[in-house]
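The values are calculated or read from the model by the stated rules, or taken from the named source; none is laboratory data. Keep in mind that what you see is a predicted model, and the values were worked out from it rather than measured. Neighbour counts are summed over all protein chains in view; Cβ atoms, including those assigned to glycine, are modelled from backbone coordinates with ideal geometry.
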């Protein structure tokens, strides 16, 4: 039991290192170059996380091609928006806005999937949104394009979750992961040729390699956690990323959140945890994203 929590915490710590490494490497390289290099290394996650009951031919054979390709497009949007957000605004701000994805999932669950969304979940969504406002403080702090990009990451991630929910567990994880990696590599490679390629420095290359490797290791730890535990054990650990955002922001980038932002982070985490506890009592599953930069599905529970 304890090992499940430890594995989940290690996975989300690795995902946070991925996002922080991307932020550290940003500045000179385009978002397309950053995403391409990271995904070259993150592609190793396919070798690590393939379920033993799935075959490599599942990569291109799927009964729901529109869902798989639609999810991949959402992943590309979320990935590019995530890269831009993490390289232009404070980590705490980026994570707070990315954590709007549960709000988008709740709204789309009601509108698209026609699921019943009770007052408890709507209340938690409103509380979480208030927490985001406390962190970002629109009207008091300048609202930059990076903030809009972070919202785009949350929206892209939420839409991807809804797409996979619609087809249930009938799509193989290998199909989802493989198609997404292929889209990310192809689209970013084409975009790089039009925007121009800047040869990364050794420092930038090392940071982006670290980002990709950490994502692969995080994916491996997450799959192990999902294998030995369940979604309701793992989902609360997702909110540890908010703590990592504060720690990395202070130690690596000199980003000190004020008291109001810290209160907002606690509010966001509390709203999410209360929802998870509520759904656990009702026997429902909770789905959470992994890295905002890579935007890959964390486990077969989501596919």
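Residues that are surrounded by fewer than 20 Cβ atoms within 10 Å (Cβ to Cβ), closer than 27 Å to residue 274 by Cα and over 12 Å from the mean Cα position of the chain (by Cα): does region 82-105 have at least one?
Among the residues of region 82-105, at least one is surrounded by fewer than 20 Cβ atoms within 10 Å (Cβ to Cβ), closer than 27 Å to residue 274 by Cα and over 12 Å from the mean Cα position of the chain (by Cα), which makes the answer yes.
Does residue 185 satisfy the condition of being in a helix (DSSP H, G or I) and buried (at least 20 other Cβ atoms within 10 Å of the Cβ)?
Answer is no for this residue.
Would you pick out the residues in region 157-182 that are surrounded by fewer than 19 Cβ atoms within 10 Å (Cβ to Cβ) and over 22 Å from residue 102 (Cβ atoms)?
Hits for region 157-182 are 170, 182.
Testing residue 102 on (1) outside any helix (DSSP H, G or I); (2) more than 21 Å from residue 249 (Cα to Cα), one condition comes back false. Which one is that?
Only one criterion in (1) outside any helix (DSSP H, G or I); (2) more than 21 Å from residue 249 (Cα to Cα) is unmet by residue 102, namely (1).
Given the residues 70, 146, 152, 131, which is the only one that is crowded, with 23+ Cβ neighbours inside 10 Å and modelled with pLDDT of 90 or more?
131
Applying the selection to region 188-208, what residues are part of a helix (DSSP H, G or I), in contact with a helix residue (DSSP H, G or I) (Cβ under 8 Å, 6 or more places away or on another chain) and over 28 Å from residue 71 (Cα atoms)?
203, 204, 205, listed by residue number.
Within region 55-65, identify whether any single residue is assigned to a helix (DSSP H, G or I), without any contact (Cβ under 8 Å) to a residue 24 or more places away in the chain and surrounded by fewer than 18 Cβ atoms within 10 Å (Cβ to Cβ), and answer yes or no.
Among the residues of region 55-65, at least one is assigned to a helix (DSSP H, G or I), without any contact (Cβ under 8 Å) to a residue 24 or more places away in the chain and surrounded by fewer than 18 Cβ atoms within 10 Å (Cβ to Cβ), which makes the answer yes.
Here are some conditions: (1) out of contact with any helix residue (DSSP H, G or I) (no Cβ under 7 Å at 6 or more places or on another chain); (2) buried (at least 23 other Cβ atoms within 10 Å of the Cβ). Residue 139 meets all but one. Which one does it not meet?
(2)
Among the residues of region 106-116, count how many are more than 22 Å from the chain's Cα centre (by Cα) and buried (at least 16 other Cβ atoms within 10 Å of the Cβ).
Total satisfying the criteria: 0.
Has region 108-120 got at least one residue that is part of a loop (DSSP other than H, G, I, E, B), in contact (Cβ under 8 Å) with a residue 60 or more places away in the chain and out of contact with any helix residue (DSSP H, G or I) (no Cβ under 6 Å at 6 or more places or on another chain)?
Checked region 108-120: no residue is part of a loop (DSSP other than H, G, I, E, B), in contact (Cβ under 8 Å) with a residue 60 or more places away in the chain and out of contact with any helix residue (DSSP H, G or I) (no Cβ under 6 Å at 6 or more places or on another chain).
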